[in-house]
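Report on one structure; see the data block that follows.
The values are calculated or read from the model by the stated rules, or taken from the named source; none is laboratory data. Just so you know, these numbers come straight off a predicted model, no measurement behind them. As a convention, Cβ positions derive from the backbone with ideal geometry for all residues, glycine included, and neighbour counts pool all protein chains shown.
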Protein chains: 2
Amino acid sequence: MVRRISYPSAEADAYLQKKSFDDVQVAERVAEVVANVRSRGTAALFEYTKRFDGADVNESNFRVSEAEIEAAYSQVDPDVLAALRRACENIRRFHEKQLRPSWIEPEADGTMLGQLIRPLERVGVYVPGGLASYPSSVLMNAVPAKVAGVPQVVMATPPGKDGSINPYSLVAAKEAGVDEVYRMGGAQAVAAMAFGVGLKAVDKITGPGNIYVTLAKKQVYGTVDIDMLAGPSEVLVIADESATPAYVAADFLSQAEHDVRAATVLVTPSAALAEAVEAEIERQLAVLPRREIMEQALRDNGAIFIVQDLEEACEVSNRFAPEHLEVLTETPFALLGKLTQAGAIFLGPYSPEPVGDYFAGPNHVLPTGGTARFYSPLNVDTFQKKTSVIAYSKARFDRDARDIIALAKAEGLDAHANAVAVRLENKEG
Amino acid sequence: MVRRISYPSAEADAYLQKKSFDDVQVAERVAEVVANVRSRGTAALFEYTKRFDGADVNESNFRVSEAEIEAAYSQVDPDVLAALRRACENIRRFHEKQLRPSWIEPEADGTMLGQLIRPLERVGVYVPGGLASYPSSVLMNAVPAKVAGVPQVVMATPPGKDGSINPYSLVAAKEAGVDEVYRMGGAQAVAAMAFGVGLKAVDKITGPGNIYVTLAKKQVYGTVDIDMLAGPSEVLVIADESATPAYVAADFLSQAEHDVRAATVLVTPSAALAEAVEAEIERQLAVLPRREIMEQALRDNGAIFIVQDLEEACEVSNRFAPEHLEVLTETPFALLGKLTQAGAIFLGPYSPEPVGDYFAGPNHVLPTGGTARFYSPLNVDTFQKKTSVIAYSKARFDRDARDIIALAKAEGLDAHANAVAVRLENKEG
């Protein structure tokens with residue numbers, strides 16, 4: 001069922017090449033939604049909510065009330081709530097390790113230079129909704145924002161037809177410390193958060209969404225910051241003959257159930273393993289729901305690369321730059337230094353992707369489509385910004401003034417040179 | 001000459017509101033350039049270089065040769081070169097303090113979690129050119145990239161009509177460790193770097209440019225990462241009666257000489273200071289070149305806010321979120337904790353903006369137009385990316401498996417639950 005691709009080959013080059021986010025037709029429709037929400041405000045926002053989500057939302061029920069959030073606690077399975085709380089704690093602990101202090105370094109002549117690292121003030125978190133519920137996405141966005149110190153974390157999630165929000169998402173929001181929850185989704189929600197329609201505008205929008213949400217994030221980029229542009233999910237598994245075929249097969253299927261566009265890639269020097277994995281896929285497929293989605297994903301976007309050795313496996317993986325990279329080899333850590341392009345690396349037999357998706361602590365919002373070459377997992381830095389500090393002493397200024405004047409004049413900026421010269425001449429200062 | 005704005009007021013609200021990067025007409029022209037370079041390759045790239053820069057560039061002279069770079073050393077003023085080298089060293093030292101190690105934390109049950117922090121592989125630096133020369137921009141982009149460990153730093157800068165590149169830019173590139181220099185500018189250069197036209201595609205594009213460059217960066221965002229979208233330069237000065245009017249005036253003028261769209265703002269509780277500054281502006285203007293540009297900038301975009309006290313001055317400054325913020329008060333550090341929104345903060349009488357523009361070490365590529373609320377100065381993080389590491393032990397996996405299965409099932413993802421369950425059942429693992 002899964003395509004075999006030899007390496008190196010033209011077919012491999014085509015499969016491994018960068019994906020792109022172009023979809024001009026969708027972009028035009030999204031631009032219209034964004035422009036309408038910006039110009040016509042909540043009237044347009046609520047119209048789109050009715051049209052796309054089928055829900056009646058207005059000023060009175062737009063923001064989810066505290067009472068509704070409290071009520072959600074009685075609707076969720078207590079075991080799931082307990083698991084969510086433990087996940088929340090793991091995510092908090094992992095992200096706290098990323099915190100860095102501001103620093104200012106005083107130098108002997110009295111000069112002080114430094115870098116202030118401070119939280120953003122107001123962040124909007126997008127959480128997909130509708131029929132499905134993604135409490136894990138709530139935690140993965142909101143907990144790092146709170147660890148970073150963001151005082152105002154806002155969440156937008158599309159309502160069901162009856163206007164309701166999934167109770168798991170609401171309890172996750174409460175546990176993570178989300179400050180405001182709004183009933184809205186799609187491109188219209190992104191526009192509302194960016195331009196301050198129905199709520200105070202945010203400084204940054206994070207979180208996964210469909211192609212409409214993603215292209216809306218691109219369009220408002222610059223008015224606000226965004227985390228990344230994300231496409232369909234992917235897993236690449238590097239495995240040798242020591243790997244358990246049933247594990248690799250299960251991991252393929254867990255990726256494939258997301259979406260027919262999800263990509264599942266096995267890179268192995270062992271043809272025997274590849275065959276055993278394919279047999280296991282057939283066996284496990286038979287007893288799982290979502291079979292059609294998984295089969296189509298595997299057929300359309302799956303691939304198996306038989307490579308010379310693990311060295312070449314790392315090369316293929318780096319070229320693909322996968323969102324999720326599993327290493328199921330005898331000594332997985334031996335490859336870690338070579339695996340330079342990946343969102344998250346899962347090492348060994350007991351680290352299947354769901355461990356990271358839900359629980360271990362590292363973030364599950366990860367770069368896709370080869371963008372791990374430049375994007376990072378959501379992290380504490382995502383929710384902070386820096387400010388440089390420059391306090392020159394008179395001694396340092398006197399020493400450096402002529403260099404600064406020379407450089408300003410070389411760039412033809414005389415008033416810049418003057419701003420230095422006036423301080424050299426002036427005796428009052 | 002400079003408008004007085006009272007605070008709070010509707011006029012102040014209008015002046016302080018977020019700027020936006022919308023320019024639909026320019027965006028359409030830029031989209032055409034980007035699409036043409038992408039589809040027609042170097043033929044389109046060289047046509048645009050001829051049309052916009054007036055220069056004949058082709059495959060044979062597109063990349064600047066080592067000989068040309070070496071020759072530039074004989075064309076520059078040795079004093080300026082020496083100053084550039086000292087600036088380079090300061091920038092390197094400041095950015096080295098930002099380096100962070102990767103970390104992996106082993107836990108008692110054998111689990112290892114961590115975060116790898118590694119350089120991008122290939123970065124494109126845009127440096128404005130044409131008539132002007134900006135060696136300082138070369139240093140401010142390329143040095144942090146090299147400190148971050150980027151092995152391939154590429155520079156694009158538009159040639160003069162005769163095809164030449166300013167020698168100061170070339171020596172700065174060499175000093176900073178730039179690996180490849182290309183003769184190209186504008187939206188076409190951004191497209192060429194993003195899509196790999198005439199050179200290998202880069203992973204990220206940084207550096208300042210005009211509105212064409214900026215909108216092209218927005219359009220290729222997602223195919224590559226970018227540093228930020230930057231608009232006209234700004235300075236906001238918080239000063240009290242202890243400030244020297246000649247300094248404030250000189251700093252206003254050094255900002256205003258950049259561009260008629262540059263913004264210069266004084267926020268002070270002292271009406272006497274404001275008057276003295278205005279008188280000084282007139283006096284210094286008389287002897288500086290670029291007088292027309294400065295006058296228009298001050299008239300169109302300058303502002304003086306007379307506020308109650310320094311507390312209110314900080315409030316105005318945070319709302320403006322200036323690129324450059326100067327604090328010329330008796331005890332400038334006393335305000336630092338309150339000034340939460342700024343690209344760079346210059347404290348005291350001997351820290352005029354040119355100290356940071358050229359020499360001190362902190363970066364001069366800074367967020368503008370209120371984007372200091374979410375963007376940071378260019379820094380080492382700009383040129384690195386992160387990868388999460390998850391290696392669960394069997395003990396940890398056995399402990400957490402039921403929680404993970406519960407969470408996967410609550411999200412309706414049975415194949416995710418299966419990927420965990422199959423490892424619990426399987427005795428071989």
- [ ] Return the residue satisfying two criteria in turn: it lies in region B:57-85 and is within 11 Å of chain A (Cβ to nearest Cβ) and in a helix (DSSP H, G or I), and of such residues it is farthest from residue A:105 (Cα to Cα).
- [x] B:78
- [ ] Restricting attention to region B:86-101, report how many residues are more than 10 Å from chain A (Cβ to nearest Cβ) and either part of a loop (DSSP other than H, G, I, E, B) or not aliphatic (A, V, I, L, M) (or both).
- [x] 6
Open item on the list: Suppose the filter is of a type in the set (Phe, Trp, Tyr), farther than 26 Å from residue B:384 by Cβ and touching a Phe, Trp or Tyr at 6+ places or on another chain (Cβ under 8 Å); does residue A:305 pass it?
Closed with: yes
TODO: Test each condition in (1) surrounded by 12 or more Cβ atoms within 10 Å (Cβ to Cβ); (2) in a helix (DSSP H, G or I) for residue B:14 and report the one that comes out false.
DONE: (1)
Task: Single residue of region B:222-238 satisfying the filter (of a type outside the set (Ser, Thr, Tyr) and farther than 17 Å from residue B:323 by Cα) that is farthest from the chain's Cα centre (by Cα) - done: B:222
TODO: Give the residues of region A:178-205 that are within 26 Å of residue A:90 (Cα to Cα) and under 19 Å from the mean Cα position of the chain (by Cα), sorted by residue number.
DONE: A:178, A:204, A:205
- [ ] Would you mind finding the one in B:423, B:319 that is surrounded by fewer than 21 Cβ atoms within 10 Å (Cβ to Cβ), of a type in the set (Lys, Arg), touching a residue at least 12 places away in the same chain (Cβ under 8 Å) and in a helix (DSSP H, G or I)?
- [x] B:319
Open item on the list: Looking only at region A:163-177, filter to residues that are among the hydroxyl-bearing types (Ser, Thr, Tyr) and within 24 Å of residue A:379 (Cα to Cα); which one of those is nearest to the chain's Cα centre (by Cα)?
Closed with: A:169
Open item on the list: Which residue is farthest from the other protein chains (Cβ to nearest Cβ), if the candidates are limited to region A:277-314 and must be without any contact (Cβ under 8 Å) to a residue 40 or more places away in the chain, surrounded by fewer than 21 Cβ atoms within 10 Å (Cβ to Cβ) and in contact with a Pro (Cβ under 9 Å, 6 or more places away or on another chain)?
Closed with: A:308
Task: 3 or more residues more than 13 Å from chain A (Cβ to nearest Cβ) and modelled with pLDDT of 95 or more: qualifying strands (runs of 3 or more DSSP E) within region B:135-236 - done: B:152-157, B:180-183
TODO: Check region A:357-367 and report whether any residue there is of a type in the set (D, E, K, R) and over 24 Å from residue B:110 (Cβ atoms).
DONE: no
Open item on the list: Within region B:356-370, does at least one residue satisfy the condition of being in a helix (DSSP H, G or I), out of contact with any Pro (no Cβ under 7 Å at 6 or more places or on another chain) and over 22 Å from residue B:8 (Cα atoms)?
Closed with: yes
TODO: Answer yes or no: is there a residue in region B:34-56 that is closer than 30 Å to residue B:372 by Cβ, assigned to a helix (DSSP H, G or I) and touching a residue at least 60 places away in the same chain (Cβ under 8 Å).
DONE: yes
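So that you can scan it fast, the table gives a plain yes or no per residue for (1) of a type outside the set (Phe, Trp, Tyr); (2) under 29 Å from residue B:336 (Cα atoms); (3) at the interface with chain B (Cβ under 7 Å from one of its Cβ atoms); (4) surrounded by fewer than 24 Cβ atoms within 10 Å (Cβ to Cβ):
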position	(1), (2), (3), (4)
A:357	yes, no, yes, no
A:366	yes, no, no, no
A:375	no, no, yes, no
A:381	yes, yes, yes, yes
A:386	yes, yes, yes, no
A:390	yes, yes, yes, no
Open item on the list: Condition check: more than 21 Å from residue A:262 (Cβ to Cβ) and either assigned by TED's automatic domain parsing to the domain that holds residue A:265 or β-branched (Val, Ile, Thr) (or both). Does residue A:353 satisfy that?
Closed with: no
Task: Residue check, residue B:238 out of contact with any Phe, Trp or Tyr (no Cβ under 9 Å at 6 or more places or on another chain) and farther than 24 Å from residue A:228 by Cβ - done: yes
Task: residue A:337 without any contact (Cβ under 8 Å) to a residue 40 or more places away in the chain and surrounded by fewer than 24 Cβ atoms within 10 Å (Cβ to Cβ) - done: yes
Open item on the list: Here is a check on your reading of the model: is residue B:144 buried (at least 24 other Cβ atoms within 10 Å of the Cβ) and not hydroxyl-bearing (Ser, Thr, Tyr)?
Closed with: yes
TODO: Residue by residue through region B:102-134, note down the ones that are more than 10 Å from chain A (Cβ to nearest Cβ) and among the aromatic types (Phe, Trp, Tyr).
DONE: B:126
Task: Positions within region B:237-258 being away from every other protein chain (no Cβ under 11 Å) and among the acidic types (Asp, Glu), in sequence order - done: B:240, B:241
- [ ] Determine whether residue A:23 is farther than 23 Å from residue A:198 by Cβ, of a type in the set (Asp, Glu) and under 25 Å from the mean Cα position of the chain (by Cα).
- [x] yes
Task: Number of the exception - residue A:149 against (1) buried (at least 23 other Cβ atoms within 10 Å of the Cβ); (2) touching a strand residue (DSSP E or B) at 6+ places or on another chain (Cβ under 6 Å) - done: (1)
Task: Residue in region B:338-355 that is farthest from the other protein chains (Cβ to nearest Cβ), counting only those that are in contact with a Cys (Cβ under 9 Å, 6 or more places away or on another chain) and of a type outside the set (A, V, I, L, M, F, W, C) - done: B:338
Task: From the options A:175, A:180, residue that is surrounded by fewer than 18 Cβ atoms within 10 Å (Cβ to Cβ) and either in contact (Cβ under 8 Å) with a residue 40 or more places away in the chain or over 26 Å from residue B:17 (Cβ atoms) (or both) - done: A:180
Open item on the list: Can you pull out every residue in region A:402-429 that is under 25 Å from residue B:378 (Cβ atoms) and more than 7 Å from chain B (Cβ to nearest Cβ)?
Closed with: A:405, A:409, A:417
Task: Among the candidates A:409, A:385, residue that is under 30 Å from residue A:124 (Cα atoms) and touching a helix residue (DSSP H, G or I) at 6+ places or on another chain (Cβ under 9 Å) - done: A:385
